Amino acid sequence: MSLAAASMRAPRRTARYLATLARANTAGRPHARWQTRAVNTQPAYEGHIPLNWFEHGFLTLGSAFMALVNPRRADMVAALGDLTSGPVLPRLRDRMLESPEGRQILKERPRINTHTVDMNKLALLPEGTFGNAYVTWLERCGVTPDTREPVHYVDDPELAYVMQRYRECHDFYHCILGMPVNVVAELAVKFFEFANLGIPMTGMAAAFGHLPLTHAKREKLFRDYVPWAVKCGSSAQSLITVYWEKRWEQNIDEMKRELGIWSPPVEPRWPKPLSEAKLAAEKRAKMMENQQQVSS
């Protein structure tokens with residue numbers, strides 16, 4: 001999920017600062033062999049930040065604390081996801097390798113942002129298609145796919161891509177589940193993701209993210225959404241294997257049936273009415289049509 005403007009303005013260098021602080025704590029003590037680096041310090045891919053075990057533990061605790069104090073800190077949530085996903089990512093990659101779509105994803109390594117996905121073309125797709133539903137969801141929630149944090153702390157390049165893929169597909173999960181952008185909806189999606197993918201960060205969010213909620217919101221979460229999210233997530237196809245970009249023209253109801261997904265029992269609260277979001281998507285489509293006519 002893309003988290004409003006506050007998340008977009010989050011200081012992305014904080015995670016690097018924590019890692020630097022951890023290194024400072026081990027510097028100047030060469031006599032302690034257990035504090036020396038046990039990893040290759042050369043980055044394995046663009047943006048990779050290698051860590052030794054002490055830096056890894058220090059940054060894990062720091063990012064967990066910051067993410068709990070302020071869940072809107074997308075950089076801290078992303079860092080926590082990187083640092084705690086180690087045991088799970090090989091299993092997710094194996095799931096992808098067992099699936100034709102998953103193998104194609106790993107081979108092509110597509111990225112999801114406004115530079116790689118033509119939102120105007122998606123807006124031209126018929127209503128009821130996944131592509132049109134996705135654009136409408138973006139309009140309805142007022143978010144963009146361009147706020148995904150890059151992976152920094154997963155050492156293996158292929159596993160780093162698996163983590164990046166999960167992160168960039170998170171909004172697709174919201175869309176197909178029919179969940180908006182708010183704290184209750186995000187926690188419901190985290191319960192779904194933990195049941196479906198087993199990523200530790202999603203389990204931590206599910207376990208502790210509800211603590212700051214009011215009693216009424218917490219009760220609503222566990223009464224209306226958690227049972228559905230856990231049951232749906234555990235029985236649905238592993239969503240990490242879905243090549244969403246190849247399914248823009250597929251009927252979204254048909255896709256949900258194929259993947260074993262059903263809508264939540266209670267309609268969540270949305271920041272914008274569906275009619276208003278559809279109108280915005282239609283305006284986008286008309287602008288695209290006009291541009292095509294002018295160019296032709």
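The values are calculated or read from the model by the stated rules, or taken from the named source; none is laboratory data. Just so it is clear, the structure is predicted and the values come from calculations on it, not from any experiment. Neighbour counts are summed over all protein chains in view; Cβ atoms, including those assigned to glycine, are modelled from backbone coordinates with ideal geometry. Accessible surface is based on the protein model in full, side chains and every heavy atom, while ligands, DNA and RNA are left aside. Shrake-Rupley method; radii C 1.70, N 1.55, O 1.52, S 1.80 Å.
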_Point-to-point label distance, E258-E158, nm (Cα→Cβ direction, 7 Å offset)_ = 2.6
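Around A206, with a cut-off of 12 angstrom between Cβ atoms, what is the net charge of the other residues, counting Lys and Arg +1 and Asp and Glu -1? Don't skip to the end; give the middle numbers.
Values: positive: K190; negative: E186, E193.
Computed value for this residue: -1.
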*asked:* Show me, bin by bin at 5 Å from 0, the whole-percent P(r) of segment 53-295 based on Cα pairs.
replied: 1, 6, 13, 17, 20, 17, 13, 8, 4, 1, 1, 0
*Using a 1.4 Å probe, what is the accessible area per residue for segment 51-119, in Å²?*
50
*Past the 21 Å Cα-Cα mark, which pairs from K246/K272; K190/K220; K231/K256; K107/K246; K121/K190?*
K246/K272; K121/K190
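At R0 = 41 Å, how high is the FRET efficiency between T214 and Q104 if r is their beta carbon distance? Nearest 0.05 is fine.
Details: r = 45 Å, r/R0 = 1.09.
Efficiency at R0 = 41 Å is approximately 0.40.
Give me the dipole magnitude in Debye, nearest 20, for segment 53-295 about the Cα centre, with unit charges on the beta carbon: positive for Lys and Arg, negative for Asp and Glu.
Values: 30 positive and 30 negative charges, 98 e Å.
For segment 53-295, the charge dipole is close to 460 debye.
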*By accessible area of protein heavy atoms, probe 1.4 Å, what ranking do K286, K107 get, highest first?*
K107, K286
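State, as an integer percentage, the relative contact order of segment 104-175 based on alpha-carbon contacts under 8 Å between residues 6 or more apart.
Values: 44 pairs, mean separation 24.4, N = 72.
Reported as a whole number, the value is 34 percent.
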*Pop a pseudo-label 7 angstrom from the Cα along the beta-carbon direction at both L61 and R111 and give the gap in nm to one decimal.*
3.5
*How many nm is it between the label spots at Q42 and E267, if each spot is 7 Å from the Cα in line with the beta carbon?*
5.9
